[in-house]
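Engineer: Here it is: the structure, laid out below.
The values are calculated or read from the model by the stated rules, or taken from the named source; none is laboratory data. In this text the structure is predicted, and so the values were computed from the model without any measurement. Note: ideal-geometry Cβ built from the backbone for every residue, glycine included; neighbour counts use all protein chains shown. Only protein heavy atoms, including side chains, enter the accessible area calculation; ligands, DNA and RNA are left aside. Shrake-Rupley method; radii C 1.70, N 1.55, O 1.52, S 1.80 Å.
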Amino acid sequence: MRVLSKISWVAFMLPLLIWSCAPMDQPTIIPQTGSTLVSPAAGSSLVLLEASKGDSISFQVTPPDFGVPGAVEITYKLEMAKAGTNFAKVVALGTSKSPIIKVKTEDLNGKLLAEGLEAGKSAAVEFRVTTSINRSLSDLVGAASNLNVTPYLATVVLPSLRVPGDYQGWNPGNNSTIIYSANSDNIYEGFVHILSGSGEFKFITGPEWDKYPDYGTDAAPGKLIQKGGNIKIPGDFGTHRVKANLSALTYELVRIGVWGIIGDAVNGWDTEVPMNFNRDQNILTIDYALKVGKMKFRTNTWDHNYGLGSAPGEASAGGPDIPIAEAGNYTITLDFKTPGKVLYSITKK
């Protein structure tokens, strides 16, 4: 048997070592450019007028470059957010197959007011364009442009979805048991207070059965189907956050718990006194003899509690204790109907 010398062995192995240490081929990086807003120009002012509420504003944008050869079909999506939020909450404004996206003045105005902008005052708002093509590539998000936008005073009317169920007498005409689409995007969110009964409910787009489309559960969990079966809360009674997406035909349920009042003005800080449900007004309520002291609203743990808010009658999550200056019999309410707010009242009898 032939034995290689040390020199022969090195000469044999060296090319293999060099080959094994050579860099692997790197994947080709395709340069891509997102779509950006051209008109109105970045930094310009946009003053909305009620007299023009039926007109459309044209947002002109640049075509994106996905770095692929051949003709592609592009979909442009115009989005906005409060300046400085880095689009933590994206508000959809409209889509187009061309680089001109038209948005109705009253629609833009309503969404600006819904985001908390003050009528008659200019505020910085960021706009951006997200584009997609008919290829297996990820969407491109273009650079944001700041505009100074002034909305006009108007009542914000959000798209709504009714939530009739056993908890409120299966009444689709109840104008209080309604959830809303904050972004007018066919996604509705709100709260239902199911404290008794079968725990079943449905969604309906109008106030009458058989006249308006209603949606219930499909065979698959979390799926909706028109004229489907009754949706049932999966566990214990209590307040549930409910979300329905009528575009994707899906729904979500998250149990918050049973709300009550707690504090040294009630019966101590260890256990809350549960509140009752008024199905006609869709509020939680309780009549109780309060003592001088402080109180809060709480579920079974401190994970969900409300105290004083920034405005009278408005509660804030984890806010300061609510003072009770005079002992007596009170009617206390907690109201989750208004999108983005929790309201309360403490009225002495």
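Engineer: Using a 10 Å Cβ count of at most 12 others and DSSP loop calls, identify the longest part of the chain lacking such GluC sites (Glu not before Pro). Intermediate results must be reported in sequence, preceding the final value.
Structural biologist: Values: sites that count: Glu73, Glu118, Glu208, Glu326.
Excluding the exposed sites themselves, the longest stretch runs over 209-325.
Engineer: Please list, ordered by chain and number, the residues whose modelled amide H lies under 5 Å from the amide H of Leu246; skip anything fewer than 5 residues away on the same chain.
Structural biologist: HN-HN under 5 Å from Leu246: Tyr188.
Engineer: Now, a different point. Please compute the contact order of the chain in relative form: average sequence separation of alpha-carbon pairs under 8 Å and at least six residues apart, divided by the residue count, as a percent.
Structural biologist: Working: 774 pairs, mean separation 36.4, N = 349.
Result for the chain is 10 percent.
Engineer: Karplus couplings for region 222-232 from phi (6.51 cos²θ - 1.76 cosθ + 1.60, θ = phi - 60°), rounded to Hz, Gly and Pro as x?
Structural biologist: x, 9, 10, 8, 4, 6, x, x, 5, 8, 10
Engineer: Given a cut-off of 17 Å, what percent of all Cα-Cα pairs of region 191-290 lie beyond it? The partial results should precede the final answer.
Structural biologist: On the way: 2967 of 4950 pairs.
Taking all Cα-Cα pairs of region 191-290, the fraction more than 17 Å apart is 60 percent.
Engineer: Each residue of region 53-65 in order: what ³J(HN,Hα) in whole Hz does its phi give by Karplus 6.51 cos²θ - 1.76 cosθ + 1.60, θ = phi - 60°, with x for Gly and Pro?
Structural biologist: Residue by residue, region 53-65 yields 4, x, 7, 10, 9, 8, 9, 9, 10, 7, x, x, 10 Hz.
Engineer: If you roll a 1.4 angstrom probe over the protein chains with everything in place, what fraction of the accessible area of the chain belongs to carbon and sulfur, to the nearest %?
Structural biologist: Numbers: 10160 of 19020 Å².
The nonpolar share, carbon plus sulfur, comes to 53 percent.
Engineer: Taking the full set of protein chains and a 1.4 angstrom probe, give the accessible area of Leu290 in square angstrom, rounded to the nearest 10.
Structural biologist: 10 Å²
Engineer: State, to one decimal in nm, how far the label point of Lys232 lies from the label point of Ala327, with both points 7 Å from Cα in the Cβ direction.
Structural biologist: About 4.7 nm, to one decimal.
Engineer: Kirkwood Rh over Cα pairs of the chain into Stokes-Einstein at 20 °C, 1.002 mPa s: D in µm²/s? Before the final figure, lay out the partial values.
Structural biologist: Details: Rh = 24.6 Å.
Estimated via Stokes-Einstein, D reaches 87 µm²/s.
Engineer: Hey, another quick one. Whole angstrom only: what separates the Cα centroid of region 70-106 from the Cα centroid of region 302-316?
Structural biologist: What the calculation gives is 35 Å, centre to centre.
Engineer: Answer rounded, prolate or oblate for region 264-326, using the Cα gyration tensor with square roots of eigenvalues a ≥ b ≥ c: rounded when a/c is under 1.5, else prolate when a/b is larger than b/c, else oblate. Mind showing how you got there, number by number?
Structural biologist: On the way: a/c = 1.27, a/b = 1.14, b/c = 1.12.
It comes out rounded by the Cα gyration axes.
Engineer: Given +1 on the Cβ of Lys and Arg, -1 on the Cβ of Asp and Glu, and no further charges, what dipole in debye does the chain carry about its Cα centre, rounded to the nearest 20? Can you show the working numbers first?
Structural biologist: Working: 31 positive and 32 negative charges, 123 e Å.
Dipole about the Cα centre, nearest 20: 580 debye.
Engineer: Is the shape of region 210-349 rounded, prolate or oblate, going by the alpha carbon gyration tensor and its root eigenvalues a ≥ b ≥ c, with a/c under 1.5 for rounded and a/b larger than b/c for prolate? Mind showing how you got there, number by number?
Structural biologist: Values: a/c = 2.54, a/b = 2.35, b/c = 1.08.
It comes out prolate by the Cα gyration axes.
Engineer: Let me ask you something else. Just to confirm, what accessible area per residue do you get for the chain at 1.4 Å probe, in whole Å²?
Structural biologist: Details: 19020 Å² over 349 residues.
Using a 1.4 Å probe on heavy atoms only, each residue of the chain averages 54 Å².
Engineer: Taking 1 over the mean of 1/r across every pair of different Cα atoms in region 121-238, what Kirkwood radius in Å do you get?
Structural biologist: Numbers: mean 1/r = 0.0571 Å⁻¹.
Kirkwood hydrodynamic radius for region 121-238: 17.5 Å.
Engineer: In angstroms, what radius of gyration and Dmax does region 26-113 have, counting Cα atoms only?
Structural biologist: When restricted to Cα atoms, region 26-113 yields Rg and Dmax of 15.6, 58 Å.
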